[in-house]
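Input: a single structure, listed below in structure tokens.
The values are calculated or read from the model by the stated rules, or taken from the named source; none is laboratory data. Everything numeric here is computed off the predicted structure, so don't read it as measured data. Positions of Cβ are backbone-derived with ideal geometry, glycine not excepted, and every protein chain shown enters the neighbour counts. Ligands, DNA and RNA are excluded from the accessible area calculation, which covers all protein heavy atoms including side chains. Shrake-Rupley method; radii C 1.70, N 1.55, O 1.52, S 1.80 Å.
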Amino acid sequence: MLDADFFRRWMAVTAASVDREAERLTALDSPIGDADHGSNLQRGFNAVTATLEKEAPATPGAVLTLAGRQLISTVGGASGPLYGTLLRRTGKALGDAAEVSEEQFAEALRAGVDAVMQLGGAAPGDKTMIDALVPAVDALGDGFAAARAAAEKGAVATTPLQARKGRASYLGERSVGHQDPGATSAALLVAGLVAAGGE
């Protein structure tokens with residue numbers, strides 16, 4: 001079973017990964033975006049960990065809802081609302097339970113991913129974070145390591161795609177050949193589940 005501590009660890013591990021990978025995320029964003037994806041997410045996830053330490057929500061749902069709210073208020077560009085929506089909707093779907101099973105978490109995360117698709121209008125193949133998140137959610141039934149592998153594979157698979165959503169879509173064919181920064185950061189988020197102690 002997964003408790004509030006697990007979800008706090010997930011956010012802390014993700015913040016550390018984003019810190020480590022911020023320059024690479026920004027480098028990926030430079031040719032096809034605003035060259036600020038890494039720094040924006042770094043600021044957002046650092047704010048999330050600081051808030052969670054201060055407020056210490058008692059349930060998994062409350063941890064993710066608070067984290068999502070924090071991302072929406074501190075991250076600029078599209079990634080704040082998208083990541084914020086992902087975590088808030090997942091948290092809302094988990095409800096007030098003190099502990100949740102991995103199956104319940106997988107269902108809740110799917111609700112979160114659906115909410116992101118609705119908000120951004122993106123589908124798999126559009127060269128966005130969805131290309132990492134959808135395969136990850138599909139693989140969650142086989143465990144967190146399987147989800148991590150699926151997300152990483154999905155992120156790499158965005159390289160030959162032409163962007164159809166977001167800032168990169170303005171470049172048309174020039175977006176081909178670049179790995180999507182949003183899919184790359186989404187894979188970091190999913191990888192954090194394993195590092196946080198999930199099987």
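For the chain, the longest principal axis of the C-alpha atoms and the axis of helix 79-94 are separated by about 30°. The protection proxy used here, the mean number of other Cβ atoms lying within 10 Å of each residue, ranks peptides 175-188, 44-57 as follows, highest first: 175-188, 44-57.
Rounded to the nearest 10 degrees, the inclination of helix 181-195 to the longest alpha-carbon principal axis of the chain is 30 degrees. The residues of the range 104-199 present an accessible area of 42 Å² per residue when probed at 1.4 Å with all protein chains retained. Here the chain has 50 percent of its accessible surface on carbon and sulfur atoms, given a 1.4 Å probe and all protein chains in place.
Largest accessible area first, the residues D36, D5, D131, D142 order themselves as D142, D5, D36, D131 under a 1.4 Å probe with ligands, DNA and RNA left out.
Structure remark: mean-square fluctuation, Gaussian network model of the chain, C-alpha springs under 10 Å; the largest value among A147, A132, A16 belongs to A16.
Note on K153: lysines with a C-alpha under 25 Å away, same-chain residues under 8 apart excluded, are K127, K165. Electrostatic tally near T26: other residues with Cβ closer than 13 Å to its Cβ, Lys and Arg +1, Asp and Glu -1, net -3. Students often get this wrong, so try it: which of (i) 48, 32, 27; (ii) 42, 38, 32; (iii) 40, 37, 28 is Cα extents along the principal axes in Å as calculated from the structure shown? Correct label, based on the coordinates given: (i).
Using C-alpha pairs under 8 Å with a sequence gap of at least 6, the mean separation divided by the residue count of the range 53-157 gives a relative contact order of 20 percent.
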